[in-house]
Amino acid sequence: MEIIRPGIDLDFVGKMKLFAFISAALVVLSFLLIVIWGFHYGIDFAGGSLLQFHFHKDLAVEQVRETLHTIGLAESEIQRSEKDGDFLLRIPSSDEALDQIRTRVLAAFQQDLGAQGVELRRAEQVGPKVGRDLRRKALLAVIWSSLGILVYIWCRFGFRVEFALAVVVADIHDVLLTLGLFAITGKEVTLTVLAAVLTVAGYSVNDSIVVLDRIRENLRGRPRDPLDRVVNASLNETLSRTFLTGGSVLFTLIALLLFGGDVLGDFAWALLVGVLAGTYSSIFVVAPIVIYWPWSVGRQVRQRSHPPKTPQARAR
């Protein structure tokens, strides 16, 4: 199945520098947002207690905070779900057990609203030491996966450094853009979001390898053609596959966003941004690195300085 007509010849290479600049600007912006603003860590990473309540009457955040103030928990973070109206209470880490916190908070709300006016739907607690350990392991997982990808692609593509570097740079590009979304929007970074980020990394690698494999095949079949022409032809040849794969994944993620509820909302957002970034980077991040890698430039110059010889006509 093809949605792009065969023989299409879009000039991707001619726009490479512009899109490379845009990509670099987005990556730098995402990195600065992550460093300056940081993440809004969920209970998995930050530690503390998380309680989810459903009230049978409409309450404002200020009313919920007033009730918490009566039991000394006014510093808790309160978030209201837009879909079902539930309230998420994030209580900072303390020596108090989860059962005691849950009982105190539930009793306070029942006193104000009655025993039937409030429903506890979720209660979790993570110690601060566990949260720090999870953050460290999450960072190590991303670093080690990137190094493993670098070595594997380097070996798989005939020890070509530019191919391995292109995949890893595109991977970092997609992950940083995804995490930048969470930094700028203040969405929670949880273990579910971490799973989505690692999934984005895997998707990005797969998309990049498809493009690089076609470039390698065309380099073997057209050894005398200029490198930029071979790369541009390879991008056009894989364009239909790129749109089909990315489009089918996007439809699934949109369905998750619409019908997945709050539990899968952040997971779907992370994948949605990551898939869009991965589709973009497989064209406008991978290809420029292959073309402008120092050894590749040398090869391209040699090709242009030695055009193919025209066979001489046989004398009769």
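The values are calculated or read from the model by the stated rules, or taken from the named source; none is laboratory data. In this text, all values refer to a predicted model and were calculated from it rather than measured experimentally. All Cβ positions, even for glycine, are placed from backbone atoms using ideal geometry, and neighbour counts span all protein chains on display. Side chains included, ligands, DNA and RNA excluded: accessible areas come from the protein's heavy atoms. Shrake-Rupley method; radii C 1.70, N 1.55, O 1.52, S 1.80 Å.
Odds and ends about this structure:
- The mean sequence distance of close C-alpha pairs (under 8 Å, at least 6 residues apart), as a share of the length of the chain, puts its relative contact order at 25 percent.
- The region of the chain that goes longest without hitting one of the GluC sites (Glu not before Pro) in a DSSP loop, each with at most 16 other Cβ atoms within 10 Å, is 97-316.
- Per-residue ellipticity at 222 nm, computed for the chain from helices alone with -39500 (n - 2.57) per DSSP H run of at least four residues, works out to -22500 deg cm²/dmol.
- The aspartates and glutamates within cross-link reach of LYS57, meaning a Cα-to-Cα straight distance under 14 Å and a gap of 8 or more places when in the same chain, are ASP84, ASP86, ASP112, GLU119.
- Neighbours of PRO92, meaning other residues whose beta-carbon lies under 11 angstrom from its beta-carbon, give a summed charge of -2 when Lys and Arg score +1 and Asp and Glu score -1.
- Carbon + sulfur, % of accessible area of the chain - ligands and nucleic acids excluded, 1.4 Å: 62 percent
- Net +/- balance of residues flanking THR178 in space, Cβ distance below 12 Å, scoring K and R +1, D and E -1: -2
- To the nearest ten degrees, helix 261-284 and the longest principal axis of the Cα atoms of the chain are 20 degrees apart.
- By average C-beta atoms within 10 angstrom, highest first, the peptides 227-233, 243-249, 164-170: 164-170, 227-233, 243-249
- Among the protein heavy atoms, those of PHE163 account for about 0 Å² of accessible surface (1.4 Å probe, every chain in place).
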